[in-house]
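Below is one structure, written out as structure tokens, with a few remarks after it.
The values are calculated or read from the model by the stated rules, or taken from the named source; none is laboratory data. Computed from a predicted model, the values in this text were never measured in an experiment. Reconstructed Cβ throughout: ideal geometry from the backbone, glycine too, with neighbour counts over all protein chains shown.
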Amino acid sequence: MWLSVTGTDSLRRSEVDALIPWVKKTLSGKVQNVRITKRLDSHPCVVTVEEMAAARHFIRTQSHLMNEESRFALLQPQLELNPR
């Protein structure tokens, strides 16, 4: 998915195309997916979890029993980047 972005502060398409694979590699094992979003206006990024209510319950009750890698695998967080 590519968004048309305007403004001098926005990343160019070539910059976004280079950034996404770098972020995926850097955060490998911690995020399930990295994508560009137009949902954000004033923040550079957001981490989302598909079933946030279940995730909050899990974190409160069970996360201390699992290692970090297992928690990320179970929660499958996604990183959404704002190119503006």
Taking region 62-84 and keeping only residues that are of a type in the set (D, E, K, R), at pLDDT below 90 and surrounded by 13 or more Cβ atoms within 10 Å (Cβ to Cβ), one is left with ARG71, ARG84
Which numbered condition ILE59 fails, given (1) exposed (fewer than 13 other Cβ atoms within 10 Å of the Cβ); (2) assigned to a helix (DSSP H, G or I); (3) modelled with pLDDT under 90: (1)
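Working only within region 62-84, note down all residues that are part of a helix (DSSP H, G or I) and within 13 Å of the chain's Cα centre (by Cα).
Applying the first criterion (part of a helix (DSSP H, G or I)) to region 62-84 yields 63-65, 68-75.
Listed by number, the residues that qualify are PHE72, LEU75.
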Residue ID - modelled with the highest pLDDT, chosen from residues in region 36-56 that are over 22 Å from LYS24 (Cα atoms) and of a type outside the set (A, V, I, L, M): SER42
Quick one: GLY29 ticks every box in (1) within 13 Å of GLU80 (Cα to Cα); (2) touching an Asp or Glu at 6+ places or on another chain (Cβ under 8 Å) except a single one, so which number is it? (1)
SER10 of a type in the set (S, T, N, Q) and in a helix (DSSP H, G or I): no
